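First comes the structure, then the notes that go with it.
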Amino acid sequence: MKTNRVTLITLGVKDIARACAFYEAIGWVPSEVQDKVAFFDMNGMKFGFYLLDGLAEDTGKPVETLKTGAMTLGQNFPTETEVNAAYEKALSAGATEVTRPEKIFWGGYSGYFADPDGHLWEYAMNPYWELDEDGHLK
C-alpha cells in the first residue's frame, strides 16, 4: 500500500450549514450532510467539516486551542483568468480576501482568501504543473 496519500481532510467549523452553503456557492457538491458533520467527494478522497465541539472532543483538545490559518489548502487552475474568476466567486460567496491574485516571483500566479471559518485557501496557476482536463495534476 502506498504511504504518500491523504484520504480525508477535515476542517473544524462553527456551523455545518454555513460551511456547506459557502462551499456549495463556490461550486462544491456535498455527498453527505448531517447535524455535526458533512463530506464532499474529491476523486477518491473526502473533504469534510466537523463541528468544533466534536473535533475538540475527538482530539482531547479544548476548542480554544484548535487553530485555523496555520496551514493552507490549495487549488490550481490552468490560467490566470480562471484563478481570478474563481477568486471573485469565493469573495462573492462570503470569503474574506487575504491577498489578491498576482504574479509570484517564482513564475506562478496566486492569491489567498479565508473561508467563513478562517481556513486559508490559495487559488493558483503554476506554470510548472500541468493539469488534465478534469483539473487533476498530471
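In this structure, is Pro62 surrounded by 15 or more Cβ atoms within 10 Å (Cβ to Cβ) and either more than 12 Å from the chain's Cα centre (by Cα) or of a type in the set (Gly, Ala, Ser) (or both)? No, not satisfied. Taking segment 6-30 only, how many residues are out of contact with any Gly (no Cβ under 9 Å at 6 or more places or on another chain) and exposed (fewer than 13 other Cβ atoms within 10 Å of the Cβ)? Total satisfying the criteria: 4.
For the structure I just gave you, tell me whether Ala38 is outside the structural domain of Asp115 (by TED's automatic domain parsing), among the small types (Gly, Ala, Ser) and at pLDDT 95 or above. The answer is yes for Ala38.
Just one residue in the set Glu82, Glu133, Glu88, Glu102 is touching a residue at least 12 places away in the same chain (Cβ under 8 Å), more than 30 Å from Asp35 (Cβ to Cβ) and out of contact with any Pro (no Cβ under 8 Å at 6 or more places or on another chain); that residue is Glu82.
Within segment 60-104, the set of residues being among the aliphatic types (A, V, I, L, M) and closer than 14 Å to Asp115 by Cα comprises Ala70, Met71, Leu73, Ala86, Ala90, Leu91, Ala93, Ala95, Val98. Under 20 Å from Phe47 (Cβ atoms), of a type in the set (A, V, I, L, M, F, W, C) and surrounded by fewer than 13 Cβ atoms within 10 Å (Cβ to Cβ): is that true of Leu120 in this structure? So Leu120 does not fit the description; no. Counting only residues that are crowded, with 16+ Cβ neighbours inside 10 Å, small (Gly, Ala, Ser) and in a helix (DSSP H, G or I), segment 73-108 holds 2 of them. Note on segment 109-138: residues that are under 13 Å from Gln75 (Cα atoms), small (Gly, Ala, Ser) and part of a loop (DSSP other than H, G, I, E, B) amount to 1.
The number of residues in segment 67-79 that are in contact (Cβ under 8 Å) with a residue 12 or more places away in the chain, at negative phi and out of contact with any helix residue (DSSP H, G or I) (no Cβ under 6 Å at 6 or more places or on another chain) comes to 9.
The values are calculated or read from the model by the stated rules, or taken from the named source; none is laboratory data. In this text the structure is predicted, and so the values were computed from the model without any measurement. Methodologically, a virtual Cβ is constructed for each residue, glycine included, from the backbone with ideal geometry; neighbour enumeration extends over all protein chains shown.
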